[in-house]
Amino acid sequence: MEEPPKPPKFGLLKFPFPLREQVIRNMEFMDVFHFSTLSKRSKNMVRSAKYQTYRINFDFDDDDSSMDHVEVDFNEGREDFKISLSDSEDPSKRNPYRLDGLELANLIDEPSDDYRKKMSSHILFIHHSKWTSVRFGRNFEHVNDLYLWDVTKQFDSVILSGDDKLHITPKYLQSILNSTKAKKYTLDFKIEDINFEYQEPLDCEQLIVVGTIQWLDTDNFLKRNPNLKLLQGKHLPGEKINDLLKQWINGEAVDLKELVLLKGRGYPADVIFDGILTMETKLTEDQVKRISLCWNKDGKTVDIQRKIDGKLATVHINQSGCFVSMCNEKRLYKLQH
Amino acid sequence: MSSTEQGTSSAAPAEPTTAPESAAAPEVPESFYYVHGKDKVVHKVSAGALQHSALIHGMISNLGYTEEQAKANPFPFENIDGDILQMVVDWCNQHKGKPTPPEDTNLPKQKEKLFDLVLAVNYLEIKELLTYCCKQVAMMVKGKSPEEIREIWMIPTDAEDEAAEKEAKKRAGKEAAGETAAAAGDAK
């Protein structure tokens, strides 16, 4: 009978677990990657060691899919790594200036129909990242079939933005927003259908729209998005802002901290505050200035109060737009110190 | 039994830089302790140098040994090779009361020695030296291919791991069966 191979007489595996993990945490990124491909055990060891990365970002390039990559960032002056995840396996159509994801994926001893899936899944498994994000720089014809959805749909941040203004269809926007779950959405695009209104919950904490936000249905918006902390966008009609303020007054989205709603020539006060009880602000001019970067001396500043607990929010309207800061104690404390 | 005297030279008190008006506080003489490894060679080390080791520091902090008592009761570290303990003692002496440099170039490059040193340092809980050592171990595979890493660190393949696990289970099963049989024999 053939004897099973003898376990190593000496080696890293002789170390107690915490020591092995400390060694792994001291390794370079590529060495850790290579080590993690040696066996299931080594892969799990890297995961247990909690090898810290600052950010893992999946980047879908603006127009050239051969430039698609995953980026692993370290926030300690260490070199960042970009691994090519081109949709082509043809070497001539792969970015030679990035680490070759296809080559690296071949080291991972797991079956997969798509090397990008295998690579992405492996990177996310072995690394503990403080921030995971995805950027879509271009349109996808079949975005629902994107390989990444088989790996993860959960991110800290989803960015929809290209170097040039991205022109998208409502269907595309819906597909992206419905396919992902994120704390923060940063959206910079032009939508083809100007009558389109997005009515589904986003379940995010921050919604930053670089361009117009008119596509957002604001009816019961704060109820649909109870965890919202920041909403930023342009050209939202004054009536919709008035409605958002009323939703907050009535106790929706209790953690909301800020609304930044921009509009050239600003908003009329009678529209914004229609049916809302306003009070003279309790903040000093200096405090308002510090709360709102867009403060203007010709603007109008008032406080509004939430019904459920009497919390105040300061609303400042001027020629640039409407800026609302929910005056919770933490924010005032920060202002004072 | 031989003994080494590292650490004693740095025990001399420093001259005061300014002349105090009141009488200077009496100098507390530095205390020394004794340690030995597997080879029984005793090393005399100052309490200041031993502060690097959380394990030894914890052991000696409330002892209040006299010089004679300390000499008569060396701390035995039978699980540490003599040459490795010597390295640790040297490092503690070199870094007594000094800020530790970001890199330590004096660590052994020889694989087996380094591995033994890491285990000893981990056992003695010398945090800074452990950090250096772990970095050194990590550097052993810097820029190496997966198969080179496997060879250097002796990492088994999945098949080898599975075979070893099977073997361990088989052995455990045999041992359990042996114990049951022995217990049955005892009962008769």
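Brief remarks on what is shown
- Taken over segment A:177-190, residues that are closer than 19 Å to A:GLY137 by Cβ and out of contact with any strand residue (DSSP E or B) (no Cβ under 6 Å at 6 or more places or on another chain) amount to 2.
- Residue list for segment A:215-256, filter: polar (S, T, N, Q) and within 22 Å of A:ARG331 (Cα to Cα): A:ASN225, A:ASN227, A:GLN232, A:GLN247, A:ASN250
- Whenever a residue of segment A:290-313 is touching a residue at least 60 places away in the same chain (Cβ under 8 Å) and surrounded by 11 or more Cβ atoms within 10 Å (Cβ to Cβ), its partners that are of a type in the set (A, V, I, L, M, F, W, C) and in a loop (DSSP other than H, G, I, E, B), lying with C-beta atoms within less than 8 angstrom and at least six residues away or across chains, give the pairs A:ALA313/A:CYS327.
- Any pair with Cβ under 9 angstrom, 6 or more apart, that starts in segment B:130-146 at a residue that is aromatic (Phe, Trp, Tyr) and ends at one that is buried (at least 18 other Cβ atoms within 10 Å of the Cβ): B:TYR132/B:TRP91; B:TYR132/B:LEU107; B:TYR132/B:VAL121
- One residue stands out in segment B:144-186 among those that are within 7 Å of chain A (Cβ to nearest Cβ) and small (Gly, Ala, Ser): the one that is surrounded by the most Cβ atoms within 10 Å (Cβ to Cβ), namely B:ALA163.
- Lone qualifier among B:PRO29, B:PRO76 - being modelled with pLDDT of 85 or more and farther than 30 Å from B:VAL141 by Cβ: B:PRO76
- Listing of helices (runs of 4 or more DSSP H) fully contained in segment A:1-118 that carry 3 or more residues being within 14 Å of another protein chain (Cβ to nearest Cβ) and either in contact with a strand residue (DSSP E or B) (Cβ under 8 Å, 6 or more places away or on another chain) or of a type in the set (Lys, Arg) (or both): A:17-25, A:29-36, A:40-49
- Among the residues examined, A:ASN75 does not qualify as polar (S, T, N, Q), at pLDDT 95 or above and either surrounded by 15 or more Cβ atoms within 10 Å (Cβ to Cβ) or over 24 Å from A:PHE140 (Cα atoms) (or both).
The values are calculated or read from the model by the stated rules, or taken from the named source; none is laboratory data. Since this is a predicted model, take the numbers as computed values, not measurements. Heads up, the Cβs are rebuilt from the backbone with ideal geometry, glycines too, and the neighbour counts pull from every protein chain shown.
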